[in-house]
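Working notes, structure below.
The values are calculated or read from the model by the stated rules, or taken from the named source; none is laboratory data. Because the structure is a prediction, the values reported are computed rather than measured. For neighbour counting, all protein chains shown are included, and Cβ atoms are generated from backbone atoms with ideal geometry for every residue, glycine included.
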């Protein structure tokens, strides 16, 4: 899987970066915010739209977005008087690559994998 993530221009994550990203996602509101940004795609969302969509206070959402940004899973861009937050798909895919790098000793990790695949 390492070769796959490198071929897609997603630099492999080291253990520290993977732990940081997983820690950022290990909280329900942050996970919901990240999922909302993934669904929104490249257009992203403003914090106000995301707060309305998720039913959370803007100040609480701001804290969670900061944590996601520090992990590299989310980026932001100023557009006029608004910030637009977007999921960082490269970082997300690098994390997925890190997690599945040694999955099933390099074979497919689908539910139909051979019975000898203990990790599946």
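A few points about this structure:
- Residue 67 being over 17 Å from residue 25 (Cβ atoms) and free of Cβ contacts under 8 Å to residues at least 60 places away in the same chain: no
- Just one of the listed residues (117, 104) is at pLDDT 65 or above, more than 21 Å from the chain's Cα centre (by Cα) and farther than 22 Å from residue 45 by Cβ, and it is 104.
- Pairs where the first residue, in segment 1-27, is closer than 10 Å to residue 97 by Cβ and the second is assigned to a helix (DSSP H, G or I) and at pLDDT below 80, C-beta under 6 Å, 6+ apart: 12/2; 12/5
- Any hit, segment 70-79, residues being in contact with a helix residue (DSSP H, G or I) (Cβ under 6 Å, 6 or more places away or on another chain) and without any contact (Cβ under 8 Å) to a residue 40 or more places away in the chain: no
- Filter result (modelled with pLDDT of 50 or more and either within 10 Å of residue 71 (Cα to Cα) or surrounded by 13 or more Cβ atoms within 10 Å (Cβ to Cβ) (or both)) within segment 1-10: 10
- All positions within segment 12-34 that are under 11 Å from residue 95 (Cβ atoms), under 10 Å from the mean Cα position of the chain (by Cα) and surrounded by fewer than 17 Cβ atoms within 10 Å (Cβ to Cβ): 22
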